[in-house]
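Input: a single structure, listed below in structure tokens.
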Amino acid sequence: QVQLVESGGGLVQAGGSLRLSCTASGRTFSLYAVGWFRQAPGNERQYVTTISQSGGSTYYADSVEGRFTISRDNAKNTVYLQMNSLKPEDTAVYYCAAAKTGFLPRLGSQYDYWGQGTQVTVSS
């Protein structure tokens, strides 16, 4: 199994920035694509972004395109989510997830392992 741990969440003012980290256990991290999802109270889980195993391909939800950047450092077993120009609507618990295979990165069902989440709160 792969264990994923998110960190870096917190409280930030609108327009500010945060960088989230997702650190994985194991020695086969490079075999997994990694995505980020988020869920706000009373809302369904929402897709945010995905990075391919090599880091060569990325995908973003329209709501974060141009503001968020996903990257990875396989040597550190870590994926990062740089969030800029944050809006109150970005407030949610953010989860990272790892997928061994898959052709549809926006679908949560493509992911095999999930972290426990980190809270991001954006104040106005």
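Any residue in segment 101-119 that's closer than 16 Å to residue 51 by Cβ: show its pairings with residues that are surrounded by fewer than 17 Cβ atoms within 10 Å (Cβ to Cβ) and among the aromatic types (Phe, Trp, Tyr) at Cβ separation under 8 Å, as long as the two are six or more apart or on different chains.
Sorted first by the residue in segment 101-119, then by its partner, the pairs are 110/103.
Restricting the first residue to segment 78-97 and requiring it to be touching a residue at least 60 places away in the same chain (Cβ under 8 Å), which pairs with a second residue that is open to solvent by 40 Å² or more (accessible area, probe 1.4 Å) and part of a helix (DSSP H, G or I) meet a Cβ separation below 9 Å and a spacing of at least six or different chains?
The qualifying pairs are 97/110.
If you take just the strands (runs of 3 or more DSSP E) that sit entirely in segment 15-124, which of them hold at least 3 residues that are within 12 Å of the chain's Cα centre (by Cα), over 17 Å from residue 5 (Cβ atoms) and not basic (Lys, Arg)?
Details: elements: 18-24, 33-39, 46-51, 58-60, 68-73, 78-83, 92-99, 118-123.
Per the criteria, 46-51, 58-60, 68-73.
So which residues in segment 1-32 are open to solvent by less than 60 Å² (accessible area, probe 1.4 Å), aliphatic (A, V, I, L, M) and farther than 17 Å from residue 118 by Cα, if there are any at all?
Scanning segment 1-32 gives 2, 14.
Please pick out the residue among 102, 35, 56, 108 that is at positive phi and either open to solvent by 60 Å² or more (accessible area, probe 1.4 Å) or of a type outside the set (Ser, Thr, Tyr) (or both). Spell out how you get there, then give the answer.
Details: 35 fails: at positive phi; 56 fails: at positive phi; 108 fails: at positive phi.
102 is the lone residue from the list that is at positive phi and either open to solvent by 60 Å² or more (accessible area, probe 1.4 Å) or of a type outside the set (Ser, Thr, Tyr) (or both).
Okay, residues lined up against (1) within 15 Å of residue 102 (Cβ to Cβ); (2) in contact (Cβ under 8 Å) with a residue 40 or more places away in the chain:
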{"site": "7", "(1), (2)": "no, yes"}
{"site": "18", "(1), (2)": "no, yes"}
{"site": "21", "(1), (2)": "no, yes"}
{"site": "34", "(1), (2)": "yes, yes"}
{"site": "47", "(1), (2)": "yes, yes"}
{"site": "53", "(1), (2)": "yes, no"}
{"site": "59", "(1), (2)": "yes, yes"}
{"site": "64", "(1), (2)": "no, no"}
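The values are calculated or read from the model by the stated rules, or taken from the named source; none is laboratory data. From a predicted model like this one, the values you see are computed outputs, not experimental measurements. A quick note on method: Cβ atoms are made from the backbone with ideal geometry, for glycine too, and the neighbour counts reach across all protein chains shown. Note: areas computed on protein heavy atoms with side chains; ligands, DNA, RNA excluded. Shrake-Rupley method; radii C 1.70, N 1.55, O 1.52, S 1.80 Å.
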